[in-house]
Amino acid sequence: MKNKNIIFFMPFIGGGGVEKNLYIIANYFSKKIKNLKICTVSKKSKKKFNKNIKFLTPKKEFPEKLNIRIKYFICLYLLFKYLLKNKNTVVFSFQANIYCVLLCKMLNVKVIIRSNSSPIGWYHNAFKKFIYKKIISKADAVIVNSIAFKKQMIKRFNIKVNCIYNPLNTQEILNKSNKAKPESFFKNKKKFLKIINLGRFTEQKDQITILKAANLLKYKINFKLLIMGRGIEEKKLRDFIKKNKLNDNIKIKNFVDNPYGAIKQSDIFVLSSKYEGLPNVLLEALTLNKFVISTNCPTGPNEILCNGKGGMLFNVGDYKNLSKKIIYYSKNKKKAKKMLNYSKERLNRFDYKLNLNKYYNLIKSIL
């Protein structure tokens, strides 16, 4: 292990759950592996990694809005140059997995990939399925983060897959929630239901479904909804809020480094995604003792919420049912508390050290 170089391949580091897992796993590995690097164009993220981790980055600064595929190819070029001189390397890919596997196999370098979201979201035809299966099967190991995800990968691509849950550092989440500044939007002497959603503003995350549900609720219950994130769908969300005169009830706010204070102040966390892998944010919400209402999307929410015994599930896009579940929660808080406790008691499946050790043991077996 001491003589091996490990490179985490993540061309663009944003602010989502994949990135959180990268920080956790890379920082853990850095305590056990000497020669560790991150290949990325996102230089601003350096402060979130341990100081002994080195970076493989371009000399030039690139804007965050630069097309993601251009970022992929910049990093692939950097990786190619490095691997030509350092064949004694294992690459751990978190992004652009197909390109990364092709490059590594061309240079006879071992590669592990971590697939982050259900294949339902990103493959839509037989050609894509064929290409993905042919290339990904060449990786030395494939990791996914939920059992349902693993079953999908085996069924659709007939490849060997390892399931390792996202490592959940409950103590860090609790500590950060205590240090966070209070969310002013949730401050009010009047009683109202506090609802929160965190996620990128993309078609996948489908926050428009939450807004449609909120539009049905505005004459039925007192509530405030905080949506935190950023992305290409932001204008669409803001236009809906304005058109339906929801400005007093709903606030859209950019990502913050520590969102746990806002989650802690809320009553309900709502996830509206069309597909996921294993959404970190649900684990974080449960850790902070928040009731969860989520789409029963592939994959992850059903697994986290114990088939609906530990929270409420609704069909993707069904805003009418979502509004009913929010009203049900407001009238049945004792029953909801029992459901929340059921999920919380089963969070040990996602234990921080347990799952990080699984990552470490897997990479040791590849080395």
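The values are calculated or read from the model by the stated rules, or taken from the named source; none is laboratory data. This one's a predicted model, so the numbers in the text were calculated from it and none came from an experiment. Here Cβ is always computed from backbone atoms with ideal geometry, including for glycine, and neighbour counts include all displayed protein chains. Just the protein is used for accessible areas: all its heavy atoms, side chains included, with ligands, DNA and RNA removed. Shrake-Rupley method; radii C 1.70, N 1.55, O 1.52, S 1.80 Å.
Divide the volume of the convex hull around the Cα atoms of region 262-302 by the residue count and you get 58 Å³ per residue.
Counting each pair of different Cα atoms once, what's the Kirkwood radius of region 302-346 in Å, rounded to one decimal?
Every distinct Cα pair counted, the radius reaches 10.9 Å.
Here region 190-212 is scanned for amide nitrogen atoms under 11 Å from the site 7 Å beyond the Cα of residue 222 along Cα-to-Cβ, giving 190-193.
The length gained on full extension between residue 332 and residue 137, counted as 0.36 nm times the residue separation minus their Cα-Cα distance, comes to 65.4 nm. Summed over all non-identical Cα pairs, the Kirkwood treatment of the chain gives a radius of 21.6 Å.
At q = 0.12, 0.22, 0.25, 0.28 Å⁻¹ the log10 of I(q)/I(0) for region 235-304 amounts to -0.40, -1.07, -1.14, -1.17, computed by Debye summation with a single uniform scatterer per C-alpha, solvent ignored.
Across region 48-118, the convex hull enclosing all Cα atoms gives 131 Å³ per residue.
Can you flag which of 190/274; 43/160; 110/151; 4/179; 54/87 are past 29 Å Cα-Cα? If you can, show how the numbers build up before the last one.
Working: 190/274 34 Å; 43/160 34 Å; 110/151 24 Å; 4/179 39 Å; 54/87 17 Å.
Over 29 Å apart, Cα to Cα: 190/274; 43/160; 4/179.
The three principal axes of the C-alpha atoms in region 151-306 carry coordinate ranges of 53, 36, 27 Å, sorted with the longest axis first. In the chain, the calculated helix contribution to ellipticity at 222 nm averages -12500 deg cm²/dmol per residue, counting -39,500 (n - 2.57) for every DSSP H run with n ≥ 4.
Computed on protein heavy atoms with a 1.4 Å probe, the accessible areas place 163, 297 in the order 163, 297, largest first.
Restricting to DSSP loop positions (anything but H, G, I, E, B) with no more than 15 other Cβ atoms inside 10 Å of their own Cβ, which chymotrypsin sites (Phe, Trp or Tyr not before Pro) remain in region 85-152? Before the final figure, lay out the partial values.
On the way: sites: 92, 94, 99, 122, 123, 127, 130, 132, 149; in loops: 94, 122, 123.
Listed in order of number, the matching sites are 122.
Suppose every Lys and Arg Cβ carries +1 and every Asp and Glu Cβ carries -1, with no other charges. What dipole size does the chain come out with about its Cα centre, to the nearest 20 debye?
Details: 77 positive and 20 negative charges, 86 e Å.
In total the dipole reaches around 420 debye.
Note on residue 59 and residue 320: their simple-model spin labels are 6.2 nm apart, each label 7 Å out from Cα toward Cβ. The loop-placed GluC sites (Glu not before Pro) in region 1-78, going by DSSP, that have at most 13 neighbouring Cβ atoms within 10 Å of their Cβ come out as 61, 64.
Find, among the trypsin sites (Lys or Arg not before Pro) in region 221-271, those assigned to loop by DSSP (not H, G, I, E, B) with at most 11 other beta-carbon atoms within 10 angstrom.
On the way: sites: 224, 230, 235, 236, 238, 242, 243, 245, 251, 253, 264; in loops: 230, 245.
Those that pass, being in a loop and sparsely packed, are 245.
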